[in-house]
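The structure appears right after this line, and notes come after that.
The values are calculated or read from the model by the stated rules, or taken from the named source; none is laboratory data. Values in this document were obtained by computation on a predicted structure and should not be read as measured data. Methodologically, a virtual Cβ is constructed for each residue, glycine included, from the backbone with ideal geometry; neighbour enumeration extends over all protein chains shown.
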Amino acid sequence: MSEIGAVALRLALLLALAGFGAGIYAGRSRREDWTRVAERSVGVVFALVTCAIATLFWCFANHDYQLVYVSAHSARSMPLHYRLAALWGGQAGSLLLWLWMLSAYSAAAVWAHRGRVRRLAPWVCAALLANAIFFLVILVGISDPFEKLPPGHVASDGAGLNPLLQHPVMMIHPLMLYTGLTGFSIPFAFAFAALATGELGTTWFRTTRRWTLFPWMFLSIGIMLGGRWAYEVLGWGGYWAWDPVENASFMPWLPATAYLHSVMIQEKRDMLKAWNLLLIGLTYTLCLFGTFLTRSGVVQSVHSFAQTPLFTSVFLGYVLVTAGVFLGALWYRRAGIRSENQLESMVSREASFLLNNWVFIAILVMIFTGTLWPVFTEAVLGNRQAVGAPWFNMFAKLLAPVLLLLTGVGPLIAWRRASLANLRRQFVWPVACGLLTALGLAIAFRGGITFYAYVAWSLSAFVIGTITQEYVRAVRARTRKGGENSLQALAALLRKNQQRYGGYIVHLGVVFILIGITGAVLNEERLENVKPGGSFSIGDKRLDYLTARALPAQHYGGAVARLALYRGDEPLAVMAPEKRMYWLEQQPASIPSVYSTLHEDLYVILTAIEHDGSATFKVYRNPLVNWIWIGGVVFVLGTLAVMWPHPERR
Amino acid sequence: MSKGFQVAAGATLIALLLGWYAATNLEEGASFAYYQTLEEFVGSPDASSGHHARVHGYVSIGSIERDVAARSVRFAVQNQPPHAGGSATGTLPVLLASLETPDMFKEGAEVVIEGRLSQDPAGARFHADKVFAKCPSKFEGQAAGAPSDLPAKNS
């Protein structure tokens, strides 16, 4: 059965090569018939890769332990859904998933724009197929998911999947992330086609607006789900540790977000043509580079897989070639992408957007440097040094408030040049909002929180004030004209100017997320050793340790402790943190128990059951952490509002 | 002044400011962490002077004692993984003044201990503030517990 997949991949490679050639030829000769050949190749490659990935799923479902990959990443004791999710539990499978998504996007984009953008089409096909070719070469030659074990080595059961990955979130988190990362291939291909043809007007980015927002949204969801998974599974009380793989997923998000803002300047003022192209190139290169980072083991990480020199050099070569070709094309067209307009004033929306771009890029540089520090130091000093979370936190603490401030300021300043009257009219209420919050916080905490939290939360209030003011004024303007009540007016706003008013919802989500992250300044953690019947308190709550008992034997065993949670005399919940041992994988895992409210999370880990019958618990009180997830939901709803297709706006 | 020059000057200024910010905010050793192997550590000045250090080793078989009353864990680390048939000579006794040990911390586990060596009445002992552990590399896609479980290696 697995032969079908192997053959499909090899055929796909041939087809992709042919289609790539056809695309280049069609692009140069402007022949419509060859363009169609290239477009059809994209479709056929997609069909073949679908066949390959379906085969691999089938092998996982049916315990085909002849395959090296299947036997290394699944076992009979795993339920079907985790066996299927094991497909992206290792290197070869996750690269196949990458390729499948890339080819699915390619086919969808080609189909959606069939009969249109005729000059760009062949180059789009060529760029997309070139990427597919690379992954096919890796999958056929270096990291083959259909490789078989030598006869005599085939076992009746597999080695199992890393137990930490056997979690519902882990079934979707990689899918979301990959939907994001691979999706940027479409704007990248269009940008490349624009450079190749010299059609550098607005076509390429207008065509790809939704193709950019869609992966951007999924990348955001993927990043947030990764944090959620870390919080629920890794049992260390946090959601983000600046681990290389987290950074790898965050890095492309930064230029992508910068691009979503700066492209508006190009739309409104016809500026920054080169910059926007550069940002898209950078985004996609970082998508590839992030995949390389997590799949190569260059930087040690939770997720990094076995390091093979061939894989490393081929993949890194591919990333560099992609970036090099794109930059080359950009250089070649440098005359055509000069801006017609100049920045007129530093007090204008353009300027605030530009500053926002600089901040995004600064954050990117900081993360890039920190993540690759071990690689740099090894190359230069000969010994590997790593920078820890303090490095990243230090810069994030500096730059996040700047970004927050710009989130509030940007929408208030006029395009081109803001007048003093404009500033006064726009800023009074939001600034009052921020100042009142600062005052309220000062009274409520009486110096109990850091200066940083004051600043961050006051700025958050300022941004929320801005957003509210924008909505209230617009709704009022519509209702005053008559014929609409407030709700209808709100709906009309989101429909007629979805980019602007949807964007504000996204901003609101970001503000919630930052409020939640800043809650960490109030975090409290404790290590408690108690005997059954004993109790301890944290914050305004008390935990009574009741009992511990053995977990019913499954593919893991271990112990579960039961604690009763009270506030005063009011019982709130029974908490049951677990200490698991996954037999087959010989790996322990602590599963935390979390009592979650809007106000704070109480997060309990069973560290150990001691010999004397007592239990050691690690307890975290994480204020406001829930606002991160709430913000995430708002963020996604906002993005949907921006993207939602309206027939009249096509 | 050309536009390119202005942009370059602005970028340089920002880079300098950020660099200055980094230099003034980073404590020595807090962020730029690397570790020594046990072998390197034993002969190093860090060992004799009691400087703060990060040391890599393997937990000796049968050495873990959890002392609930004293809220501490005692164990020993050695140079070679015990399963690999390496001898257990030259072990270093470690005292962790907490009951908080990572999931992967067990006999034979690969660990990095952070703290300083001091002369106790019973002889030299490593007083660890933190222990990071890693499970033996069994899987291609293996995880090391919490993301920060094992700092990058000083090869």
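Annotations for the structure displayed:
- Here the range A:520-547 is the region considered, the condition is being among the small types (Gly, Ala, Ser) and modelled with pLDDT of 90 or more, and the residue that is surrounded by the fewest Cβ atoms within 10 Å (Cβ to Cβ) is A:533.
- Residue selection: residue A:339 satisfies the criterion of being part of a loop (DSSP other than H, G, I, E, B) and facing another protein chain (nearest Cβ under 10 Å).
- Residue within the range A:220-229 that is part of a helix (DSSP H, G or I), of a type in the set (A, V, I, L, M, F, W, C) and either in contact with a Leu (Cβ under 7 Å, 6 or more places away or on another chain) or crowded, with 24+ Cβ neighbours inside 10 Å (or both) present: no
- Residue check for residue A:171: free of Cβ contacts under 8 Å to residues at least 60 places away in the same chain and hydrophobic (A, V, I, L, M, F, W, C): no
- Any hit, the range A:554-563, residues being assigned to a strand (DSSP E or B), surrounded by fewer than 17 Cβ atoms within 10 Å (Cβ to Cβ) and within 14 Å of chain B (Cβ to nearest Cβ): no
- Residue within the range A:298-309 that is among the aliphatic types (A, V, I, L, M), at pLDDT 75 or above and in contact with a helix residue (DSSP H, G or I) (Cβ under 9 Å, 6 or more places away or on another chain) present: no
- Flag for residue A:168 being over 29 Å from residue A:588 (Cα atoms) and either at pLDDT below 90 or more than 14 Å from chain B (Cβ to nearest Cβ) (or both): no
- Complete set of residues in the range A:602-637 that are of a type in the set (Val, Ile, Thr) and not in a strand (DSSP E or B): A:625, A:628, A:630, A:633, A:634, A:636
- Within the range A:564-585, the set of residues being outside any strand (DSSP E or B) and more than 34 Å from the chain's Cα centre (by Cα) comprises A:568, A:569.
- Residue in the range A:370-378 that is touching a residue at least 60 places away in the same chain (Cβ under 8 Å) and facing chain B (nearest Cβ under 8 Å) present: yes
- Of the residues making up the range A:418-428, just one is buried (at least 17 other Cβ atoms within 10 Å of the Cβ) and either modelled with pLDDT of 90 or more or not in a helix (DSSP H, G or I) (or both), namely A:418.
- Qualifying residue in the range A:413-422 (condition: in contact with a Gly (Cβ under 8 Å, 6 or more places away or on another chain), more than 14 Å from chain B (Cβ to nearest Cβ), of a type in the set (S, T, N, Q) and closer than 24 Å to residue A:262 by Cα): no
- When the residues of the range A:355-368 are filtered to those that are under 19 Å from the mean Cα position of the chain (by Cα) and within 11 Å of chain B (Cβ to nearest Cβ), the one that is surrounded by the most Cβ atoms within 10 Å (Cβ to Cβ) is A:363.
- Which listed residue, of A:96, A:87, is without any contact (Cβ under 8 Å) to a residue 40 or more places away in the chain and buried (at least 22 other Cβ atoms within 10 Å of the Cβ): A:87
Each row is one residue, and each column tells you yes or no for (1) among the polar types (S, T, N, Q); (2) at pLDDT 85 or above; (3) assigned to a loop (DSSP other than H, G, I, E, B).
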residue: B:75; (1), (2), (3): no, yes, no
residue: B:83; (1), (2), (3): no, no, no
residue: B:87; (1), (2), (3): yes, no, yes
residue: B:90; (1), (2), (3): no, no, yes
residue: B:95; (1), (2), (3): no, yes, no
residue: B:98; (1), (2), (3): yes, yes, yes
residue: B:102; (1), (2), (3): no, no, yes
residue: B:113; (1), (2), (3): no, yes, no
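- Residue within the range A:233-253 that is modelled with pLDDT under 85 and away from every other protein chain (no Cβ under 13 Å) present: no
- A search for C-beta distances below 8 Å between a residue of the range A:584-596 that is facing chain B (nearest Cβ under 7 Å) and any residue that is of a type in the set (Val, Ile, Thr), counting only pairs 6+ apart in sequence or on different chains, returns A:589/A:233; A:590/A:605; A:590/A:607.
- Looking only at the range A:597-614, and only at residues there that are of a type in the set (Ser, Thr, Tyr) and surrounded by 17 or more Cβ atoms within 10 Å (Cβ to Cβ), the one that is farthest from the other protein chains (Cβ to nearest Cβ): A:603
- The set of residues in the range A:52-75 that are within 14 Å of chain B (Cβ to nearest Cβ) and either among the small types (Gly, Ala, Ser) or in a helix (DSSP H, G or I) (or both) comprises A:68, A:69, A:70, A:71, A:72, A:73, A:74, A:75.
- Residues located in the range A:587-601, provided they are at pLDDT 90 or above and in a strand (DSSP E or B): A:593, A:594, A:595, A:596, A:600, A:601
- Qualifying residue in the range A:179-190 (condition: buried (at least 22 other Cβ atoms within 10 Å of the Cβ) and at pLDDT below 90): no
- The requirement of being at pLDDT below 85 and either surrounded by 15 or more Cβ atoms within 10 Å (Cβ to Cβ) or within 13 Å of another protein chain (Cβ to nearest Cβ) (or both) is fulfilled somewhere in the range B:123-131, by at least one residue.
- Any hit, the range B:93-104, residues being within 27 Å of residue A:582 (Cβ to Cβ), more than 12 Å from every other protein chain (Cβ to nearest Cβ) and surrounded by fewer than 19 Cβ atoms within 10 Å (Cβ to Cβ): no
- Any chance residue A:471 is within 17 Å of residue A:404 (Cα to Cα), of a type in the set (Phe, Trp, Tyr), free of Cβ contacts under 8 Å to residues at least 40 places away in the same chain and in a helix (DSSP H, G or I): no
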